[in-house]
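Values quoted throughout were computed directly from the atomic coordinates according to the rules given, and no laboratory measurement underlies them. Just so you know, these numbers come straight off a predicted model, no measurement behind them. A quick note on method: Cβ atoms are made from the backbone with ideal geometry, for glycine too, and the neighbour counts reach across all protein chains shown.
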Amino acid sequence: MAKNFNIPEKVIYVCTGSKCKKKGGKDIGKLFRTMIKDMGLKNEVEVIKTDCTDRCDFAPVMSFQPDNAWLKQATEAEAKQAFEEHILKKRTP
Ligand code: FES
């Protein structure tokens, strides 16, 4: 269990329900975690895995908060691009 109750500035919710998981959601979640770690953003950005969000036809599904930007049928390249747009570009100094 974490020692502190950290509240991140940004959260990426990645659906890892069975359909999204199979269609790349799990790998994209891992990719985000690696990027966050490598960029030293662990205290600012958090990846939260969710259960099925009832959008299975659009798997894999994820959302970037607080922008409320949603990706559907996301490829790894699109996920990276959205990460840049919604996580990196709008960071508060
Ligand atoms: S498994 Fe992701 S929306 Fe259903």
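What the table shows:
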read-out: Some residue of the stretch 54-74 being away from the ligand (no atom under 16 Å from the Cβ), out of contact with any Leu (no Cβ under 9 Å at 6 or more places or on another chain), basic (Lys, Arg) and assigned to a loop (DSSP other than H, G, I, E, B); value: no
read-out: Tally of residues being of a type outside the set (A, V, I, L, M, F, W, C) and buried (at least 24 other Cβ atoms within 10 Å of the Cβ) across the stretch 12-25; value: 1
read-out: Residue within the stretch 26-34 that is aromatic (Phe, Trp, Tyr), crowded, with 16+ Cβ neighbours inside 10 Å and away from the ligand (no atom under 11 Å from the Cβ) present; value: yes
